[in-house]
1. Across the range 64-108, which residue is modelled with the highest pLDDT among those that are among the polar types (S, T, N, Q) and either closer than 27 Å to GLN30 by Cβ or buried (at least 20 other Cβ atoms within 10 Å of the Cβ) (or both)?
2. I'm trying to understand the selection: among the residues of the range 10-60, which are modelled with pLDDT of 60 or more, hydroxyl-bearing (Ser, Thr, Tyr) and in contact with a Leu (Cβ under 6 Å, 6 or more places away or on another chain)?
3. Kindly indicate whether ALA303 is out of contact with any Leu (no Cβ under 6 Å at 6 or more places or on another chain) and among the aliphatic types (A, V, I, L, M).
4. Go through the range 19-43 and count every residue that is open to solvent by 10 Å² or more (accessible area, probe 1.4 Å), in contact with a helix residue (DSSP H, G or I) (Cβ under 7 Å, 6 or more places away or on another chain) and in a loop (DSSP other than H, G, I, E, B).
5. Within the range 116-146, work out how many residues are in a loop (DSSP other than H, G, I, E, B), in contact (Cβ under 8 Å) with a residue 24 or more places away in the chain and farther than 23 Å from GLU316 by Cβ.
6. Name, by its number, the condition in (1) at pLDDT 90 or above; (2) open to solvent by 10 Å² or more (accessible area, probe 1.4 Å) that does not hold for GLN5.
7. Using the structure shown, decide if THR324 is hydroxyl-bearing (Ser, Thr, Tyr) and at pLDDT 85 or above.
8. Only residues in the range 78-96 that are among the β-branched types (Val, Ile, Thr) count as the first member; pair them with residues that are outside any strand (DSSP E or B), Cβ under 6 angstrom, at least 6 apart or cross-chain, and list the lot.
Amino acid sequence: MQRHQDIPLNLITGFLGVGKTTAIRHLLAQRPEGEHWAVLVNEFGEIGVDGGLLADTGVALEEIPGGCLCCVSAQMFTVGLNRLIRSQRPDRILIEPTGLGHPAQIIRTLTEPPYAGVLDLRATVTLMDARHLASPRHREHPTWQDQIALADVLLANKADLYSEDDRETLHAYVAAMPSPRPLVVETTQARIEREWLDRPRLERGGALFPEARAFLDAATESTDHDHDHDHAAPAADEWVTIDTRGDGYIGRSWLMPEGQVVDHATLAGLVDGFTGDRLKGLVETDQGWQRINRVAGHGGLEAMDPPDPLLRPRIEAILPESDTTALDALAKAFEAAHTPNT
C-alpha cells in the first residue's frame, strides 16, 4: 500500500435509481487519454448487477454485492479496494455506494489509516431527483438526508421531468441549506463534468455533521445489523433467489441458470408492470440480450450486446418492505417467463 500515494478518489452517491451508474459511464467516457481508472461498486442486493452494466467501459471493476454502507469496514470492502489499488495501480478510483448506504462511514474509512496518504479523497458527488422533495418517504429518510448533506457537488438529475413546482421546491431547498453549500447543478440523463471531481471537499467544521456522527457512534458500538448476507457461490444450473433487508427496504436478487433464455414479450410486460423503487438486470431473451433499467415507474428494456465475458442472467428488484406480497408475485412470474434451454 505504501508504494501508492495520493490516488484521487471520488464517491458517487445518491438514493435508489437516481442515475449513479449512468453518471459513472459519462465520467468514464471523459477519461484523459492514457489515464487508467478503476470503479468499485457496492450494491444493496446480494447478486451484483451494476458491474455488468459497466462491463463494456474497459475499466477495472470490483463489485461488492450484498452490502449497505454500515458494512463498509467489513473485510469484503477493504479486500476489494486493496485489490484495485495493488493490481490496477489506477490513476483515479470511483466508488459507487449502494443507494441505501450511509456515506459517512465510507468517508471516515477512506480518510483514516491505512488509506490516509494512499488515497486522496476529493469531491463527493451526490445525485438526487428533486421530485423526491415532495415525497415524505424520501425526504424524511435519514440516509437520503445525509447523502445530500455530505455532498460537495449535488446533481439534481432528471431535470427534464420536473414541474415548475418541483423546480421551485428544489430552489427553496438549496437556499435553506447551511453554509458551505455544495455546487448544485440541474442535469438530465446523469450528465456530469469531469472537472467537478476535483472540486475541493467542503469544510463542515469537523469530521462530519451531527447526524452522521451519531450514525458512526452507533455503528462503532455494535457491529450487528439486520441485513442477511450469504455469499456462497451458487450452482450454475439453478435459479438462486436471495433477499437483502435494511432501512425499510427489501431487495430481491435472482441469479438465473447459465444459458437461461427468457421470453421477451413476457419479460417486457413484467418490467412495464413493476411499480417498486428499482428494477435492474441483464437478461438473455429470445430476441437477444436486454438491459433492464426501471426506476419508480419509468424505464424498461434496452437491447444490448452480449456481455463479454458472458454472465449468468440476473435481475434485482428493490421495494419497501411492506410490498413483500407484490415481490413474491413478481418472483413467480419471472421464473415462469423462461423458455426451455436447448
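The values are calculated or read from the model by the stated rules, or taken from the named source; none is laboratory data. Small disclaimer: the values here were computed from a predicted structure and weren't measured. Every residue, glycine among them, receives a Cβ derived from its backbone with ideal geometry; neighbour counts consider all protein chains shown. Side chains are part of the model used for accessible areas, which takes the heavy atoms of the whole protein and leaves out ligands, DNA and RNA. Shrake-Rupley method; radii C 1.70, N 1.55, O 1.52, S 1.80 Å.
1. ASN82
2. THR21
3. Spelling it out, ALA303 is indeed out of contact with any Leu (no Cβ under 6 Å at 6 or more places or on another chain) and among the aliphatic types (A, V, I, L, M).
4. Looking only at that region, the number is 2.
5. Number satisfying all stated conditions: 5.
6. Tallying (1) at pLDDT 90 or above; (2) open to solvent by 10 Å² or more (accessible area, probe 1.4 Å), GLN5 fails exactly one: (1).
7. Against the criterion (hydroxyl-bearing (Ser, Thr, Tyr) and at pLDDT 85 or above), THR324 does not qualify.
8. Correct list of pairs: ILE85/HIS4.
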